[in-house]
Amino acid sequence: MANSSPVQLAIETKLAAQLQPSHLLVENESHMHAVPPNSETHFKVTIVSSQFDTISMVKRHQLVYQALADELAGPVHALALHTLSPEQWQTRIKAIPQSPNCMGGGK
């Protein structure tokens, strides 16, 4: 979190506080899209929390959306979510797929 920009830091702080993750990685993927340099509009979030143990993927995403309501209403345009229980994280061998390149915009 030390090198995070303001929006990314807000995302990291809110998710850490509300979901107490054992693993949290917030990646600013704005550079992969047709946005101005240094934008904070597109993020990929990988979050592992025991709070996800018994709830569906939809409910997991809803928890993240609730935590990030201000960011989603403002600067964040896109949010790729990987919400996993600790068991799922171990099963995946801690691997998360790469995001695809932007297919739109002027880039």
Looking only at the stretch 38-62, how many residues end up being part of a helix (DSSP H, G or I) and either over 13 Å from S85 (Cβ atoms) or in contact with a Cys (Cβ under 9 Å, 6 or more places away or on another chain) (or both)? 3
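Taking the stretch 14-37 as the search range and keeping residues that are part of a helix (DSSP H, G or I) and within 12 Å of the chain's Cα centre (by Cα), which one is farthest from Q66 (Cα to Cα)?
Looking only at the stretch 14-37, we keep the residues that are part of a helix (DSSP H, G or I), and these are 14-19, 30-32.
Filter again for within 12 Å of the chain's Cα centre (by Cα), leaving 14-16.
Values: K14: 10, L15: 10, A16: 13 Å.
Out of the qualifying residues, it is A16.
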Applying the selection to the stretch 66-84, what residues are over 12 Å from L19 (Cβ atoms) and assigned to a helix (DSSP H, G or I)? A69, D70, E71, L72, A73
Does the stretch 16-38 hold any residues that are of a type outside the set (A, V, I, L, M) and under 14 Å from L79 (Cβ atoms), and which are they? E27, N28, E29, S30, H33
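A short reminder: the numbers here are calculations on the coordinates, not readings from a lab. Since this is a predicted model, take the numbers as computed values, not measurements. Counting neighbours? That spans all protein chains shown, and the Cβs are built from the backbone with ideal geometry, glycine included.
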